Amino acid sequence: MLKRAGPVTHKNNKVMIMSVNALYDYKFEPRDKVENFNGMQLVYVQWAGHLMFCAPFALLVKPDMSFRALIDDVLKPAVAAHPQSVKADFLEAQWELNGESFTPNADASLVDNGIDHKSMLVVTTPGLDGMFNTGY
Amino acid sequence: MAVKNKKLNLKDKYQYLTRDMAWEPTYQKKEDIYPDESFEGIKIVDWSQWEDPFRLTMDAYWKYQAEKEKKLYAIFDAFAQNNGHQNITDARYVNALKLFLTGVSPLEHAAFQGYSKVGRQFSGAGARVACQMQAIDELRHSQTQQHAMSHYNKHFNGLHDAAHMHDRVWFLSVPKSFFDDARTAGPFEFLTAISFSFEYVLTNLLFVPFMSGAAYNNDMATVTFGFSAQSDEARHMTLGLEVIKFILEQHEDNVPIVQRWIDKWFWRGFRLLSLVSMMMDYMLPKKVMSWAEAWEVYYEQNGGALFKDLERYGIRPPKYEDVANEAKHHLSHQLWTTFYQYSQATNFHTWIPTEEEMDWMSEKYPDTFDKYYRPRYEFLAKEHAEGRRYYNNTLPQLCQVCQVPTLFTEKGDATKLSHRQIEHEGERYHFCSEACCDIFKDEPEKYVQAWLPVHQIYQGNCEGGDVETVVQNYYHINIGEDNFEYVGSPDHKRWQFIKGMAPQQKGDDQAEKTVQKPNAA
Amino acid sequence: MSEQLVFIVFQDNDNARYLADAIMADNPHAEMQHQPAMIRIQADKRLVINRETMEEELGRDWDVQEMLIDVISIGGNVDEDDDHFILEWN
C-alpha cells in the first residue's frame, strides 16, 4: 500500500530530498515554470540592510533586458522611498547571485549575466547600511 | 443516590453508544471499506484502545451544544439591539475582526470539511464519533463567527466578501494553503496537524488571550463566540492529545513518522500565527498581554509540560522551536510593518501606534522595541506627516511553503533577512527559513504546485497586471474604502461621527472615556 | 522550569465561579488568575474537580459534563468519570 512517488536522493549519506506518501503516483508540474510567464521571467532583488522594504522584491522582467535597465528602470523606482536611495550606486556595489558573489556586466542582458528565472540577487552598498544602525 | 444508580455510568454509556453501535464487516474487507487508513505508514494494532476522556455521547453532545447556542445567540441579539459596536474602545479594533473573518472563519469551515472526511476514514468507531462531533463543532464555529460579524458589516468596511477574499487575497493564501496542506494529507497526518499541533499546541494563543482582549475592548459579541467556540475546543484539544498518545502507543514504527509531522506542523502553525501576533500587539487598542507573554505562557510553559509528558514515547519538542521562541521578541513588529507598507492591498487598515501604545511595547519588549522598531515608526510617522505615507509599490517575494513574504530575520540578528533557496529538478525555490525549506525537501511534489499570489498576478491569472485592478476586481477590495491608512479612512470618519453624534446612553460615557484618540502620535 | 503545569480556563461567569471555588477548595496547591472575561487556574502536575464538592457548593445535583459549558481551555491529560474530572501530567 505504501507508495513513494519519486526517487529518494541520498547525498552525504543523508536523505536530502524525500517524497510524498500518496495513494497514487503523485506528480505535478511546478506551477511557476518560466513558460507560464508569457515570455517574461522572475527575478528577486534584495537591497541588504534596508528592511524598510520588508522582503526581497519579486520582479517581472524581460530576460533580454540589460542589467543596467534592471537597475535604472526597475530597482531604482522600487527603492525610491528610502532616503539612502539617492546616494546608492548599484552598478558599483557588491552583488550576489543565488548565493555566490557576482560581478554584473551592466550592458549585457540578464540571461547573459546568468540571471535565470527565479534567480535571487542581493546587493550591498558599502557605506549605506540602512537607518538607525538596524539595517532599516 | 438511589436515583443515580438507575442511570448508566459514564463509562458504560460511552461504551454502549459508540463502540457497541459499530459492527465488524462480514462480506466486505476492512481495507476496502477504509482504503485510506494505511498508506501513511501508521500502524494501528488495536482500535479498541482509543479513549475519549470526555466520554461524550451524541445525546449529551446535543444537550450541551444547544445550551451553548441559546446563550450565544441571546448575546448576539443583545449586542445588535443595543448597537454594541458603538461601545468598543476604538474603531481601529474592528480591523482585527476583518482579518479574523477573512483569515480564520474560513478555516473553521475547512476544518468542518476535513473532519467530515477523515471521520469516514478510520476503522475505529471511537475515532469516527470524535471526528463527527468535531466536524459539527467546526461548522458551528464558522456560522456563529459570520453571524457575530454580520453586525459589524453593517457599520464598517472590509467585511463584505470574506469567503471570496479567502480564496484570492495574497496574505490570505497563508491560512488557506495551511489548511489545504493538512486536508490533502492522509487522515493520521491531518489529525496530527490540526487536532494536535494546531488545536492542542497553538490555538490557545488565538482564542484565549486574543478573545480576552476582545472583552477588554468591549466587544461582547466576539468574546462570546470566541469563548463559546473555545469551549468546544477544550474537547478538541483533549482529542488532539489522545490521538497522539494513541498512535504512539500502537506501534514504535509510528514514532518517527509522528515526530516529522509534529516538526512540520508546529512550524506551519507558528508561521500562520504570526498574523495573530500583530492582532494582539497592534490591533487591540487596550492591551491585555503581549504576544511574547502569550507565547511564554501558552507555548513555552504549557508546550514544555506537554512535550515533557510525551518524552516517554520518544517524542522530543518540535525542531526549530528555539527559532520560534527567539522570534517572540520581533514577530508582531515585523508583521505589522509589513502590512503597513502593503495596506493598499488589504481589506483592513493599518496605522502608526500611538505614543502610549509605543510606550507599552517598550515595556513589553525591552530588548527589541526601542532599539529596532520605535525609530522605524517615528520615521514613518514623519513621512506620513510630510505627505509621504509609505506604501511599498513593488510586490514581495513569498515563501514557497508558508506563503508569507520572506520578511523574517535570522535568529540572533534582527538586521539580517532570513532567506533560503534550493534548486529542485531544474527549478529554483525560495523560503523564509530553514524550517520551511526542510518541509519542502520532505515533500517537494506537494509544494512545487503552490499557488503563490504574487506569481499568479505576474502570470496574468488575477484579472489584471497592475495592483489596483487586481485589488478591486479580483480581490473585491473596495479601493479607498477598505484599504490604505486608517487615519482619514471612511471607517475613521464614521467612528468620529458615532462618538460625536450618538445620543447619550448608558454605557456611552464610559466608552468615551476609554477611547483613544486615533493617531495621537 | 521544574514545574509541569496543568491548567484550566473558564469563562468568568456565575456558573464558573462555583467551579473555581470548588477547585480551589480541593486543590490547595492551585493558583487562580483573573484576566478580562476569564478565570485561569493552574497547578503543578494535577488538578481535580470533584462532583461532591460542586454539589455542596451549588446545593443541587451536578453532572460533571456540565463543566463543558463554561470551560475555555485545558492543558494536561484528561480523566473524567461520574465523580470527578482530573487533569494531570504523568
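The values are calculated or read from the model by the stated rules, or taken from the named source; none is laboratory data. Remember, it's a predicted structure, so these values are computed and weren't measured experimentally. Here Cβ is always computed from backbone atoms with ideal geometry, including for glycine, and neighbour counts include all displayed protein chains.
Structure data summary
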{"read-out": "Residue in region B:26-41 that is basic (Lys, Arg) and either out of contact with any helix residue (DSSP H, G or I) (no Cβ under 8 Å at 6 or more places or on another chain) or away from every other protein chain (no Cβ under 13 Å) (or both) present", "value": "yes"}
{"read-out": "Helices (runs of 4 or more DSSP H) lying entirely in region B:220-329 (those with 1 or more residues that are within 10 Å of another protein chain (Cβ to nearest Cβ))", "value": "B:220-250, B:254-282, B:302-310"}
{"read-out": "Given (1) under 16 Å from the mean Cα position of the chain (by Cα); (2) buried (at least 20 other Cβ atoms within 10 Å of the Cβ); (3) over 20 Å from B:Thr409 (Cβ atoms); (4) in contact (Cβ under 8 Å) with a residue 24 or more places away in the chain, number of the condition A:Ala88 does not satisfy", "value": "(1)"}
{"read-out": "Region B:413-464, residues that are touching a strand residue (DSSP E or B) at 6+ places or on another chain (Cβ under 9 Å), more than 9 Å from chain A (Cβ to nearest Cβ) and in a loop (DSSP other than H, G, I, E, B)", "value": "B:Ser418, B:Ser433"}
{"read-out": "Matching residues in region C:1-45 - criterion: being touching a residue at least 12 places away in the same chain (Cβ under 8 Å), farther than 26 Å from B:Ala229 by Cα, within 11 Å of chain B (Cβ to nearest Cβ) and assigned to a loop (DSSP other than H, G, I, E, B)", "value": "C:Glu3, C:Gln4, C:Lys45"}
{"read-out": "Residue within region C:32-50 that is within 19 Å of B:Asp309 (Cβ to Cβ) and loosely packed, with under 15 Cβ neighbours inside 10 Å present", "value": "no"}
{"read-out": "Conditions (1) part of a loop (DSSP other than H, G, I, E, B); (2) out of contact with any Phe, Trp or Tyr (no Cβ under 8 Å at 6 or more places or on another chain); number of the one not met by B:Tyr16", "value": "(1)"}
{"read-out": "Among residues of region A:86-105, those that are of a type in the set (A, V, I, L, M, F, W, C) and either at pLDDT below 95 or within 22 Å of B:Glu427 (Cα to Cα) (or both), counted", "value": "3"}
{"read-out": "Qualifying residues in region B:136-152 (those that are within 18 Å of B:Ile88 (Cα to Cα) and out of contact with any Phe, Trp or Tyr (no Cβ under 8 Å at 6 or more places or on another chain)) - the one surrounded by the most Cβ atoms within 10 Å (Cβ to Cβ)", "value": "B:Tyr152"}
{"read-out": "Number of positions in region B:384-400 that are within 20 Å of B:Phe339 (Cβ to Cβ) and assigned to a loop (DSSP other than H, G, I, E, B)", "value": "10"}
{"read-out": "Extreme residue, surrounded by the most Cβ atoms within 10 Å (Cβ to Cβ), among residues of region B:465-497 that are within 14 Å of another protein chain (Cβ to nearest Cβ) and at pLDDT below 95", "value": "B:Val467"}
{"read-out": "Residue check for C:Ile49: within 8 Å of chain B (Cβ to nearest Cβ) and under 23 Å from B:Ala229 (Cα atoms)", "value": "no"}
{"read-out": "Which numbered condition B:Asn9 fails, given (1) under 30 Å from B:Glu443 (Cβ atoms); (2) within 11 Å of another protein chain (Cβ to nearest Cβ)", "value": "(1)"}
{"read-out": "Given (1) free of Cβ contacts under 8 Å to residues at least 24 places away in the same chain; (2) under 18 Å from B:Met279 (Cβ atoms), number of the condition B:Ala66 does not satisfy", "value": "(2)"}
{"read-out": "Condition met for A:Phe132 (part of a loop (DSSP other than H, G, I, E, B), more than 17 Å from the chain's Cα centre (by Cα) and of a type outside the set (Lys, Arg))", "value": "yes"}
{"read-out": "Region B:66-87, residues that are out of contact with any helix residue (DSSP H, G or I) (no Cβ under 7 Å at 6 or more places or on another chain) and not aromatic (Phe, Trp, Tyr)", "value": "B:Ala66, B:Glu69, B:Lys70, B:Lys71, B:Ala74, B:Asp77, B:Ala78, B:Gln81, B:Asn82, B:Asn83"}
{"read-out": "Unique match (being crowded, with 19+ Cβ neighbours inside 10 Å, under 16 Å from the mean Cα position of the chain (by Cα), more than 11 Å from every other protein chain (Cβ to nearest Cβ) and not basic (Lys, Arg)) among A:Leu60, A:Leu75, A:Leu70, A:Leu42", "value": "A:Leu70"}
{"read-out": "Verdict on B:Thr354 being more than 28 Å from C:Gln33 (Cα to Cα) and within 14 Å of chain A (Cβ to nearest Cβ)", "value": "no"}
{"read-out": "Residues within region C:61-90 that are farther than 14 Å from B:Ala234 by Cα, more than 7 Å from chain B (Cβ to nearest Cβ) and part of a loop (DSSP other than H, G, I, E, B), tallied", "value": "4"}
{"read-out": "Condition broken by A:Val20, with the remaining ones in (1) β-branched (Val, Ile, Thr); (2) over 27 Å from B:Tyr342 (Cβ atoms); (3) surrounded by fewer than 16 Cβ atoms within 10 Å (Cβ to Cβ) satisfied", "value": "(3)"}
{"read-out": "Residues of region B:15-42 classified as surrounded by 13 or more Cβ atoms within 10 Å (Cβ to Cβ) and either among the basic types (Lys, Arg) or at pLDDT below 85 (or both), total", "value": "4"}
{"read-out": "Positions within region B:209-219 being assigned to a helix (DSSP H, G or I) and surrounded by 24 or more Cβ atoms within 10 Å (Cβ to Cβ), in sequence order", "value": "B:Pro209, B:Phe210, B:Met211, B:Ser212, B:Gly213, B:Ala214"}
{"read-out": "Scan of region B:150-176 for residues that are more than 13 Å from B:Gln403 (Cβ to Cβ), of a type outside the set (S, T, N, Q) and in a loop (DSSP other than H, G, I, E, B), ordered by number", "value": "B:Lys154, B:His155, B:Phe156, B:Gly158, B:Leu159, B:His160, B:Asp161"}
